[in-house]
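Inspection log for the structure reproduced underneath, given as structure tokens.
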Amino acid sequence: MSANTVFVGTSKFYELRGLVLLLYKIKERIIMADLKSIPPTETLYVLGRACPYPIVLIKKGMEKIPAGAVLKILCDSSITVEEVIPRYCEKHGYQFESVMLNEGSWEFYILKA
């Protein structure tokens, strides 16, 4: 046995197990949530901005917000919405969702893991 081994009584074990299961269920609800229904912590307006400016602002915005928060982006650059942001989110393990508002403009939601 290592020096860090901790013995937990049976009742405490089941109590801890229950807490872990509860936290897991809460995490699953957050992950499965419709991102646009979660109030964003911050909103970025990158309308009229060409790459790489939007992704630079998004990276800075994501650094500012805490884990579990949502960043909302208003964007009109199709290359940014269709390729750059999804690639960035997949690289960092962030959940994302895009909503087309009208022809040529989108709302994009990113959940920081």
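Summary of values
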item: Residue match in the stretch 15-35 (condition: touching a strand residue (DSSP E or B) at 6+ places or on another chain (Cβ under 9 Å), outside any helix (DSSP H, G or I), closer than 19 Å to E107 by Cβ and modelled with pLDDT of 70 or more); result: yes
item: Residue within the stretch 70-93 that is of a type in the set (A, V, I, L, M) and within 10 Å of the chain's Cα centre (by Cα) present; result: yes
item: Hits in the stretch 63-113 - residues which are polar (S, T, N, Q) and touching an Asp or Glu at 6+ places or on another chain (Cβ under 9 Å); result: S98, S105
item: The lone exception for H92 - which of (1) touching a strand residue (DSSP E or B) at 6+ places or on another chain (Cβ under 8 Å); (2) at pLDDT 90 or above it fails; result: (1)
item: Single condition V56 does not satisfy, out of (1) without any contact (Cβ under 8 Å) to a residue 12 or more places away in the chain; (2) in contact with a Phe, Trp or Tyr (Cβ under 6 Å, 6 or more places away or on another chain); (3) β-branched (V, I, T); result: (2)
item: Those residues of the stretch 59-74 which are over 12 Å from F96 (Cβ atoms) and touching a residue at least 24 places away in the same chain (Cβ under 8 Å), in sequence order; result: K59, I65, P66, A67, G68, A69, L74
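The values are calculated or read from the model by the stated rules, or taken from the named source; none is laboratory data. Just so it is clear, the structure is predicted and the values come from calculations on it, not from any experiment. Glycine also receives a Cβ, built like all others from the backbone with ideal geometry; neighbour counts cover every protein chain displayed.
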